[in-house]
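Below is one structure, written out as structure tokens; comments come after it.
The values are calculated or read from the model by the stated rules, or taken from the named source; none is laboratory data. The structure presented is a predicted model; accordingly, all values stated were derived computationally and were not measured. Don't worry about glycine lacking a Cβ; one is built from the backbone with ideal geometry, like all the others, and counts go over all protein chains shown.
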Amino acid sequence: MPQVKVRIKARSQSYTIKVGSGLLRTLGAEARHCLIDARRVALISNQRVFDLFGREVVQSLRQSGFSVSHWLMKEGERHKSLRSLQEALNLFSESNLERNDAVIALGGGVVGDLAGFAAATYLRGIDFIQVPTTLLAQIDASVGGKTAVNLPMGKNLVGAFHQPCLVLIDTDTLRTLPGRELTAGWCEAVKQGAAGSRKLFDQTVGLLRKSGPDFSLSQPKSQTEVRAAIAAHCRFKATIVAADEREDPGRTDRRSRKILNFRHTTAHALEAVTDYRRFRHGEAVGYGMLVAGEISKDLGMLPPDALQSLREAVALCGPLPEANDLSTSQIIGAMARDKKSSAGTLNWILLDDIGRARVVNGNEIKPTL
């Protein structure tokens, strides 16, 4: 089945995203094509993903002449930490990685964020390749060059912009995902459409109505539709990254990279107050969209019918964990520590309509959760 290619043209580095079935077995050849002088690669993954795909990936890399070392980080957002970063950097040093060598991230967004940041900091920056294995990482986290780790005070507070030299998306990995991971990915997909593209929103909702969040990849037609949806989300994000690679603090227009933070203010707070144990990131994104949508309506921005469309889209993604027992004051306190604040004021990304997000000064808003 043919693959789809999406070109990312970032100011610091351009690269290709490849989307298709069975691409993991081609990783070695693809890596050699963009890492011409590399001798060694360090593979970062977690135990669950490595058990599924590690043997095939390592074999492919070695067949293309790479010496491969690997480190498996603990699973979960709470392990995207400075301590884990130190362990990754230790692996690079012990493996004698040099400036021409590279890092490969095999896993979801947590693995990709940490591996990318480690690559950005080791020897002042070495190449890395993203091989995302979750739906959320395939359409968002692996694209655009944001890398980071968390601090106890909040999420992604230490990071760097470091573009990969290749993103390889094997849609066969989606067959191994539990339902909650698919829900998380579809919430992120709905978010991207709601923030910046009505066409993308409608395409995503249409696929969910037709196939449900637990879609089957056993049929060629389903594979084609899912591959097309993933590629469409990557293209959308590519246009945003090309226009505003480093999320310019002074930009507030509709093509600013800030619009992709629609939902983040509440989502990151929910993750923080539950110690990153209750919600997958995309599930928190689902709640974040609903809160931002309600605020948008209350401010007279978002029409009621558009809010209803957003609610229905989130519901199509699948069930979200309970949140009614959480402390409102704790959530608001966590929002105040969000890294998206500017001059002491937290900016919100709200909606004028589906596909039309804009930045709103937090002084205009009193969130009610």
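Data for the structure
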{"read-out": "Pick from the stretch 247-271, criterion β-branched (Val, Ile, Thr) and modelled with pLDDT of 90 or more, ranking: farthest from the chain's Cα centre (by Cα)", "value": "Thr266"}
{"read-out": "Residue count, the stretch 270-280 (criterion: surrounded by 24 or more Cβ atoms within 10 Å (Cβ to Cβ) and part of a loop (DSSP other than H, G, I, E, B))", "value": "1"}
{"read-out": "Given (1) touching a residue at least 24 places away in the same chain (Cβ under 8 Å); (2) in contact with a strand residue (DSSP E or B) (Cβ under 7 Å, 6 or more places away or on another chain), number of the condition Ala336 does not satisfy", "value": "(1)"}
{"read-out": "Qualifying positions in the stretch 248-266 - in a helix (DSSP H, G or I) and surrounded by fewer than 22 Cβ atoms within 10 Å (Cβ to Cβ)", "value": "Arg257"}
{"read-out": "Strands (runs of 3 or more DSSP E) wholly inside the stretch 13-82 that include at least 2 residues being crowded, with 19+ Cβ neighbours inside 10 Å and touching a Phe, Trp or Tyr at 6+ places or on another chain (Cβ under 8 Å)", "value": "40-46"}
{"read-out": "Matching residues, the stretch 149-166, being within 14 Å of Val111 (Cα to Cα) and surrounded by 21 or more Cβ atoms within 10 Å (Cβ to Cβ)", "value": "Val149, Asn150, Pro164"}
{"read-out": "Within the stretch 149-181, tally of residues that are assigned to a strand (DSSP E or B) and among the β-branched types (Val, Ile, Thr)", "value": "4"}
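Rundown of residues vs (1) assigned to a loop (DSSP other than H, G, I, E, B); (2) of a type in the set (A, V, I, L, M); (3) not assigned by TED's automatic domain parsing to the domain that holds Pro152, yes/no style:
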| position | (1), (2), (3) |
| --- | --- |
| His268 | no, no, yes |
| Ala292 | no, yes, yes |
| Ser296 | no, no, yes |
| Met301 | yes, yes, yes |
| Arg311 | no, no, yes |
| Ala315 | no, yes, yes |
